[in-house]
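This report refers to the structure that appears directly beneath it.
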Amino acid sequence: MRRSVVIASVLLALAGSVAARPAAAPALPERMADTGGGTQLITAEAPAKGSTTGTVTWWNMRRGVWVKGGSTPARFGAKGLTEGTSRKQGTDTTPTGLYDLPYAFGNKAAPAGTSYPYRRVNSRSWWCQDNAARAYNRWVEPRPADCRAGESERLAAYPTQYARALVIGFNYERPVRGRGAGIFLHVNGRGATAGCVSVPAAAMDRILDWADPVRRPHIAIGTRSGPTAITRY
């Protein structure tokens, strides 16, 4: 009899500890205001606005639930992050917000398994960042006369960073002059970026293998909390 009472007491205690255990927090995409409407999502989260490092995670929607596909350390702008709608060009800040991913590109061939639209860099490939140019914030090939070389990026000049990359649709659909151009998810260089998000080369390959244009992936960039919290986008 006493043994039964002891066992019953232990079971009750275990049940109480389980009941008292807090429920797991919802996955990050579940807490966001918007995820872009697709079934794939990349989140690039930094601890604070002044951070130059953080985490990139890619997610899949499965049966109505967001499931983590993978995660990697990430780098941000040398001056941290700033609200995308008010960002200024040349500030070395990564714009926060929710953006589409128009296409991928690279100095190297696309990894095996890549289904995303992929454009190969050659010696005439430039990204126009000249505010006075008609092709502002666009890939140009060759570089037009009104797009000054000193105000643009020759993509082949960055064989490491642009080995493989995804275009982030910041200020892309209807470019606002002076807000910024050439914001990508690309391979790590030596340190912080000039405003892009960067990840290790192996992680970039995994992301390109994972990304499916049919599933309309987006990228959300933001901080853990505050006015630029990733959950606001």
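The values are calculated or read from the model by the stated rules, or taken from the named source; none is laboratory data. Please read all numbers here as calculations on a predicted model, not as lab measurements. We place every Cβ from the backbone using ideal geometry, glycine too, and count neighbours over all the protein chains shown. The protein model used for the area step is the full one, side chains on, heavy atoms only, and it has no ligands, DNA or RNA in it. Shrake-Rupley method; radii C 1.70, N 1.55, O 1.52, S 1.80 Å.
Structure above, values below:
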read-out	value
Max mean-square fluctuation residue, GNM over the chain, Cα-Cα springs under 10 Å, options ALA25, ALA110, ALA78	ALA25
Accessible surface of region 43-86, 1.4 Å probe, proportion on carbon and sulfur as whole %	50
Region 135-178: C-alpha pair distances exceeding 16 Å, %	47
At q = 0.19, 0.22 Å⁻¹, base-10 log of I(q)/I(0) for region 142-233 (Debye sum, equal scatterers on each alpha carbon)	-1.14, -1.35
Dipole of the chain, positive end: most advanced residue of PRO117, VAL140, VAL199 [Cβ charges, Cα centre]	VAL199
Proximal aspartates and glutamates relative to LYS88, as straight alpha-carbon distance under 16 Å, when same-chain residues fewer than 8 apart are discounted	ASP130, GLU151
Translational diffusion coefficient (Stokes-Einstein; Kirkwood radius from C-alpha pairs) of the chain at 20 °C, 1.002 mPa s, in µm²/s	112
Per residue value of the accessible surface for the chain (all protein chains in place, 1.4 Å probe), Å²	50
Rounded Å value of the spacing that divides the Cα centres of region 210-229 and region 54-123	8
Computed over region 116-156, the ratio Rg/Rh where both radii use C-alpha atoms and Rh is Kirkwood	0.97
Top positive-direction residue, dipole computed over the chain with Cβ charges, set GLY180, ILE168, TYR233	TYR233
Rounded to the nearest 20 debye, dipole of the chain from Cβ charges on Lys, Arg, Asp, Glu	380
Gain in span if fully extended, ALA156 to ARG224, counting 0.36 nm per residue against the direct Cα distance	21.0 nm
Residues ALA112 and GLU141, FRET efficiency given R0 of 22 Å [Cβ-Cβ distance, rounded to 0.05]	0.30
Relative pair counts by distance (%), Cα atoms of region 62-176, 5 Å bins	2, 10, 16, 20, 23, 16, 8, 3, 2, 1, 0
